[in-house]
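S.K.: Have a look at this one.
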Amino acid sequence: MMIHSPRTLFLASGSAIRLQLLRAADVLVVPVSPRVDEDAIRASLQQDAASPRAIADTLAEMKARKVASQNPESLVLGCDQVLDFDGVVWSKPQTPAEARTQLLALRDRQHTLLSALVLYDENQPIWRHIGQATLTMRAFSDDWLDGYIDRNWDNIRHSVGGYLLEAEGIRLFSAIDGDYFTVLGLPLLPLLGYLGQRGFIQT
């Protein structure tokens, strides 16, 4: 039986939670900022009427491709997450007022998170996956929402939708249908399954 040495995974993402999840799973991982203009790519795709799934997948691939081109012999994971609300893709809030507007629109409604992964090896795409979760927000009060944003702005400004499920943001929700790791932006189980199948991590 052939024994493979674990491969170092280059994570083409600046997300602290993605890095934390991979390290907690004992994956050898090195974070690398992909330096792609996400806003411009997203705007171009939206202008072409691309679906939310296509936008998530394309952004994940662009990040993986950029880092892979600079590390052509490496294993590289590109990631992206988009929030789909009635077919419209949302971006991260730029101000507390924008976060408030977004969360009020989501209040007592459902939305979908799409978390895309694209894996490159030796500068070629070898695997991709899109996880999906549907989340229902409760009918929270305006006063609680204002306090929530005041307490959490420094963290939620980095998240689409203006919340972190692993923190106080969990109190925004009444129901979640989908994988917890998908909500965090990294569908971990299918990723680990593929890495193990290919011998990139020990099984």
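The values are calculated or read from the model by the stated rules, or taken from the named source; none is laboratory data. These figures come from a predicted structure and were not determined experimentally. Every residue, glycine as well, gets a Cβ built from its backbone with ideal geometry; the counts of neighbours run over all protein chains shown. Just so you know, the surface numbers come from the protein's heavy atoms only, side chains and all, with ligands and any DNA or RNA stripped out. Shrake-Rupley method; radii C 1.70, N 1.55, O 1.52, S 1.80 Å.
S.K.: Calculated FRET efficiency, D150 and A16, Cβ-Cβ r, R0 25 Å, to nearest 0.05? Present the calculation step by step, with values, prior to reporting the outcome.
M.R.: On the way: r = 22 Å, r/R0 = 0.87.
Efficiency computed from Cβ-Cβ geometry: 0.70.
S.K.: Accessible area per residue, 1.4 Å probe, Å², for the chain: what's the number?
M.R.: Numbers: 10180 Å² over 203 residues.
Value for the chain: 50 Å² per residue.
S.K.: Compute for the range 72-117: radius of gyration divided by Kirkwood radius, i.e. Rg/Rh, restricted to C-alpha atoms, rounded to two decimals.
M.R.: Values: Rg = 14.5 Å, Rh = 12.5 Å.
Rg divided by Rh gives 1.15.
S.K.: Can I ask one more? Taking amide H positions as placed 1.01 Å from N in the peptide plane, with prolines and chain starts having none, which residues 5 or more places from S13, or on another chain, fall under 5 Å of its amide H?
M.R.: V32
S.K.: Let me know the volume per residue of the alpha-carbon convex hull for the chain, in Å³. Before the final figure, lay out each step's value.
M.R.: On the way: hull volume 23.4 nm³, N = 203.
That works out to 115 Å³ per residue.
S.K.: Related question: What GluC sites (Glu not before Pro) in the range 57-142 are in a loop by DSSP, with at most 10 other Cβ atoms within 10 Å of the Cβ? Don't skip to the end; give the middle numbers.
M.R.: Details: sites: E61, E73, E98, E122; in loops: E73, E122.
Sites meeting the loop and neighbour criteria: E73.
S.K.: Still on this structure: Does the range 63-161 come out rounded, prolate or oblate by the C-alpha gyration tensor, with a ≥ b ≥ c the root eigenvalues, rounded set by a/c under 1.5 and, if not, prolate when a/b is larger than b/c and oblate if not?
M.R.: Here the range 63-161 falls in the prolate category.
S.K.: For the chain, what is the calculated [θ] at 222 nm in deg cm²/dmol (nearest 500), taking -39500 (n - 2.57) for each run of four or more DSSP H residues and dividing by its residue count? Please report the intermediate quantities before stating the final value.
M.R.: Values: 7 runs with 78 residues, N = 203.
My calculation for the chain gives -11500 deg cm²/dmol from helical runs alone.
S.K.: Heavy atoms only, probe 1.4 Å: what % of the accessible area of the chain goes to carbon and sulfur, would you let me know?
M.R.: On the way: 4880 of 10180 Å².
The computed percentage sits at 48.
S.K.: With a cap of 14 neighbouring Cβ atoms within 10 Å, and only residues DSSP puts in a loop, list the trypsin sites (Lys or Arg not before Pro) found in the range 25-65.
M.R.: Numbers: sites: R35, R42, R53, K63, R65; in loops: R35.
In loop regions of the range 25-65 (DSSP not H, G, I, E or B), the sparsely surrounded trypsin sites (Lys or Arg not before Pro) are R35.
S.K.: Specify whether the C-alpha gyration tensor of the range 103-203 places it in the rounded, prolate or oblate class, a ≥ b ≥ c being the square roots of the eigenvalues: rounded for a/c under 1.5, otherwise prolate if a/b is larger than b/c and oblate if not. Don't skip to the answer; put the middle values down first.
M.R.: Numbers: a/c = 2.93, a/b = 2.45, b/c = 1.20.
Prolate.
S.K.: Specify the angular offset, from 0 to 90 degrees and rounded to the nearest 10, of the alpha carbon long axis of helix 142-156 from the longest principal axis of the alpha carbons in the chain.
M.R.: The angle comes out near 30 degrees.
S.K.: Now for a separate question. To the nearest 10 degrees, how steep is helix 38-47 against the longest Cα principal axis of the chain, on a 0 to 90 scale?
M.R.: Taking the Cα atoms of the chain, the angle to 38-47 is about 70 degrees.
S.K.: Right, another one. Which trypsin sites (Lys or Arg not before Pro) from the range 131-186 combine a DSSP loop assignment with at most 13 other Cβ atoms within 10 Å? Kindly include the intermediate steps, with their values, before the conclusion.
M.R.: Working: sites: R138, R151, R157, R171; in loops: R138, R157.
Within the range 131-186, the qualifying trypsin sites (Lys or Arg not before Pro) (loop, at most 13 other Cβ atoms within 10 Å) are R138.
S.K.: Then there's this: Take the Cα atoms of the range 1-91, find their three principal axes, and give me the spread along each one in whole Å, biggest first.
M.R.: Result, largest extent first: 48, 27, 26 Å.
S.K.: In whole angstrom, how far apart do the alpha carbon centroids of the range 157-172 and the range 107-143 sit?
M.R.: Value for the Cα centre distance between the two parts: 13 Å.
S.K.: Right, next: Apply the Karplus parameterisation 6.51 cos²θ - 1.76 cosθ + 1.60, with θ equal to phi minus 60°, to every residue of the range 69-79 and state each ³J(HN,Hα) to the nearest whole Hz, in sequence, with x for glycine and proline.
M.R.: Once rounded to whole Hz, the list reads 5, 8, 9, x, 9, 9, 8, 10, 10, x, 9.
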